[in-house]
Structure formats: C-alpha cells, structure tokens
Amino acid sequence: TYCSSFVGALPSVGMAAAGACRRQGAAALVGQGGAPVLSCGIVGRCAETVAGAPPSIGCQLSQRRWDTSPYRRVHVLTFANVNKATWPMQGSLGWKPRWARERPLPFDLLSEEQRHSRAPSLQLAEGGQAGVELLTQRLLANLNVLPSETLALVHRSRVTVNGHLQSMDRWISPEDHVSVNGHDLSELADLTLFMHKPVGYTLTEEDPLRRPSYSSLLPDRTLLVRPAGRLDLGSSGLLLLTNRRTLVEAMSPGSGLSATFVIHLRAPLDRVQLRRLQEPDAYGACGPPESVEEGLDAGTGTPAVRIVHRGARPVELREALARVGSPGAVSGGICCVRLGPLSLEELRLEEPGAIRPTAAAELEALLAAAVAARGALTAAPSGEVDRGWDTGSHGNTGSGREATHI
C-alpha cells in the first residue's frame, strides 16, 4: 500500500522503484491511466530504495546475431580461405598475391626493332652466363627493380616459369620461359615509354594513402615498368618509363644531362632575387644553373621562371627559391618541359597524362646527350666543373619581364 500510493503520486520515481523491484524478483504491473502499480513482497526494501537515492539501472550487453555477423563464414572452406597468403613466404601484411594470365604485350608498344625480331625463346641479358641461374637473378638483370623487389615479385606469385606460378626462388635454365604478370620477360626488358606526368601522381606502383599512381596511366596496369627522371609527387612534366639500366643512369641527376623546368611563381621576382637565383650558392651542392630566364606564362599570363640545370630536382628548385626570398612556386607549379634533346612539345605530350612509346632515334639521341654531358663532367678539373654557365648570359634582369613569354 505504501509503495502503491507513493508510485501513483510520483510516476518518475515509480518507474525507478519498478526497476529496483524487478531486480529483487518483484512483478511490476501497469494499471489504468498509465499509473504503475507495484505488487511487491519486500515492502521495506522497496520503500528504502524509493526514499533514498535513485538506483543505478544496469543495461545488459547484447551480442549480434550469428547470421548477421561479418565473421559467420570464416569456418567455411572456400577458395579464398584455403588459398589465403601466409606471411612472409607467400604474402605480407600489406598486400595480397595477384594472379594474371600469360599474354603478350600490346603490339603498338614495341619499338620497330622489337616488332620484327620477336623471338619465342628468351634472350639472356647482357653479361649473363649461358648456364643455370636463380630466378631472382634473371629478374634483376632484366628489370629496373631492387634485389629485394625481385624476391617480392616471386613471393607475391606474380612470376611464372614455363606457365607454372612460382611462390619461391628456384634455379632455372636459359631455355625456361619466364613471365611477369603474364608478360614475357624479354619484352619487358626493352619496354620504354614517354609520359607527361600530371601533378599529384605518385612514382610508386602502390600507395598506402590510395593516391593516384603513374601505373594507372599505363595502357595495361600489369605492365612492370619503373619511372626514371627528375620529378616528384608535386611536380609534372616529361617522365621516362623504362627497364633499361643504361637509360636509368642517363636520366639520373648525377649524369649531367640538362633538364629545363618552368616554375609558376606566386609573385614576380625582383632584380636582386633574380640575380641571386643565377648564383650557384642558391642551389647548394647541385652547382650553378645553365640559364635562368624570367617572364610570363604564355597561356595564363602568370609570372614564371625558366631554369635549365644539369643536376637539380624539384626539391632543390624549391629550396633555391626559398633562399633568394621568393614566396615560392604555386601548388604544382613546377613542370619539366625538356630532358636533354627531347621536349614535351616535340614528343606531342602537351596534355597531362599522355603516354606514347619511344622510337629508336629518340633513345639514341638521349643516350648520346647523356654520354656527352658525362664526358664534359669528367674532363673538367676537380672542383671546377664546367656546366656551361655564364654569369653574363642569364636572360632578363627584370626590365623585360613583360616582353618575355615562357
């Protein structure tokens, strides 16, 4: 009776009392009008609960139903579960193995010499012995990859020998047919492409941040070809994709091959900044530039500067602009328009993301320019390397800024 009258007066407290009585084994009933009525055999304890502090009502943890759980089929012996890669021999914590059928390269990607001399037998790389060798050694001799990456290709089940998928390194003979991602290794060894890399594309095959990669611009993403050039994530321009070691060395910054960069600036350079940008101290250990010319961009009319340098990369150019006191380049405003004798305009790669195969004459001109540049560096005295830089022939000094278009 005490509980019923108290609960009828205070409905909110009555619900708390109902919860307390439910924990004690009592039955909670609801009468007419929505007023709760308690039938409790433990009147004293119920009165103490209502008169004192409000009780703490605990909630029961409920588990998801088994038929709606994402792990309801982990015990089923499916193909994915049975053939799941195990770390470290057949898989990794960051990637899964990929399978690909054996298929030839697109015919238009091969050079003229390769189109008429495609042989079914595998040709050994230069300097290779006509005997048995490890599978990773042949991959290292024919691809532009590191020794650790060759073993990763095998462990990731991306290499086949005579049509059989390989997951471990093994000995092979010269007669064995090797394919990577389904492409013949001898064809991949001579594959060379020119690309106009857009801004924001990484130079890695895979990116953990899921940023776009240069491999997404390839006609076939299973083609294993690595970039060689002087670009980075925040720059754009001419990029060479190749597996030939000679071309990779020719495109390196230490080869002496000149590269032309067009930098779109946030603000125009004054005469003092332009003069300091022509000095070798602004570039650190990269040495002086061949030429520095300031002007306006022919398309947008924004202030820009053209720098021809034999060893600088975009990161050194950004540091040089910071040393001279310039606000720097706009986001993605560094573009490599020329590498040695080849330019984006001559190769018809003005559109970002464009890609085309190389010709034999273009590669010969590129290698000849690299050999000449390396010979000039070798013939120069130690400490006085002649880089073709003259303090009196550096374009404009600020007076003809409006008349020059880059």
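The values are calculated or read from the model by the stated rules, or taken from the named source; none is laboratory data. Because the structure is a prediction, the values reported are computed rather than measured. With ideal geometry, Cβ positions are generated from the backbone for all residues, glycine too; neighbour counts draw on all protein chains shown. Keep in mind that these areas ignore ligands, DNA and RNA; they rest on the heavy atoms of the full protein, side chains included. Shrake-Rupley method; radii C 1.70, N 1.55, O 1.52, S 1.80 Å.
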Tell me the label-point distance for the pair Glu249, Glu351, using the 7 Å Cα-to-Cβ offset, in nm and rounded to one decimal.
3.7 nm
Label points 7 Å out from Cα along the Cβ direction at Ser343 and Thr222: separation in nm?
4.0 nm
Whose amide H sits under 5 Å from the amide H of Thr202, counting only residues 5 or more places off or on another chain, with H placed in the peptide plane?
Ser213, Tyr214
q = 0.16, 0.29, 0.33 Å⁻¹: log10 I(q)/I(0) that the Debye formula gives for segment 157-199, counting C-alpha atoms only:
-0.51, -1.08, -1.23
Can you give me the solvent accessible area of Arg318 with a 1.4 Å probe, rounded to the nearest 10 Å²?
90 Å²
To one decimal place, what orientation-averaged projected area in nm² is obtained for the convex hull of the Cα set of segment 192-289?
7.9 nm²
Which value in nm describes the separation of the simple spin-label points at Leu134 and Ala360, placed 7 Å from the Cα toward the beta carbon?
3.6 nm
Mean Cα-pair separation over length for segment 219-346, i.e. relative contact order, pairs under 8 Å, 6 or more apart, %:
34 percent
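Between Asp190 and Thr302, what FRET efficiency follows from the Cβ-Cβ distance if R0 is 51 Å, with the result rounded to 0.05? Walk me through the intermediate numbers first.
Details: r = 41 Å, r/R0 = 0.80.
Computed FRET efficiency for Asp190 and Thr302 comes out at 0.80.
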For segment 249-311, what does the convex hull of the Cα positions come to per residue, in cubic angstrom?
88 Å³
Förster radius 51 Å - calculated FRET efficiency between Trp171 and Arg266 (Cβ-Cβ, nearest 0.05):
0.30
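Restricting attention to segment 136-206, which GluC sites (Glu not before Pro) occupy a DSSP loop and are surrounded by at most 15 other Cβ atoms within 10 Å?
Details: sites: Glu149, Glu175, Glu187, Glu205, Glu206; in loops: Glu175, Glu205, Glu206.
For GluC sites (Glu not before Pro) across segment 136-206 that sit outside H, G, I, E and B with at most 15 neighbouring Cβ atoms in 10 Å, the list reads Glu175, Glu205, Glu206.
State the extension gain, in nm to one decimal, for the chain segment bounded by Asn162 and Arg72, taking 0.36 nm per residue of separation less the distance between their alpha-carbons.
Working: separation 90, 0.36 × 90 = 32.40 nm, distance 3.99 nm.
Between Asn162 and Arg72, full extension yields an extra 28.4 nm.
Using a 1.4 angstrom probe on the protein heavy atoms only, line up His183, His177, His164 by accessible area, largest first. Numbers along the way, then the final one.
Values: His183 0, His177 50, His164 120 Å².
Heavy-atom accessible area, descending, gives His164, His177, His183.
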Quick one: net charge of Gly200's neighbours, Cβ under 14 Å, K/R +1, D/E -1?
+1
